[in-house]
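Presented below is the structure to which this report refers.
What follows is calculated from the coordinates using simple rules that are stated; it is not laboratory data. Not measured: the values here are computed from a predicted model. Because the Cβ atoms are built from the backbone with ideal geometry, glycine has one as well, and the counts that use them run over all protein chains shown.
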Amino acid sequence: MTENNDTKIKRILYRSWHRGCKETDILLGDFAKANLTAMSPDDISCFEQLLDEQDLDIYSWINHPELIPVAYQQMIATIKRFQEQRFE
């Protein structure tokens, strides 16, 4: 059984907001809410893979870009830009 796009988006949004660490809940949840429906299938896949990572790793990558694994560099940069623009 394949998952339709609406169900997939809802599942990813839920996972973005309910991670266990409030900081990453806000960071990833706000980003997903604002951007997920406009993202390409490849970007959605990358974001979903990012959600499989540990909260502390994600938070560390946001604050220390030199530590970001190559597979997530573009996605983390996009999330960071989104957060910076929100608070300008």
Legend entry - Theoretical gain in end-to-end length, Lys8 to Gln54 [0.36 nm per residue, Cα-Cα removed]: 14.5 nm
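The chain: D in µm²/s via Stokes-Einstein (Kirkwood Rh, Cα pairs, 25 °C, 0.890 mPa s)?
On the way: Rh = 13.2 Å.
Here the translational diffusion coefficient equals 186 µm²/s.
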Legend entry - Neighbourhood net charge (12 Å Cβ-Cβ; Lys/Arg +1, Asp/Glu -1) for Cys21: -3
Inset, instruction - Could you please report the charge total around Ile62, scoring K, R as +1 and D, E as -1 over all other residues with beta-carbon less than 15 angstrom from its beta-carbon? - result: -3
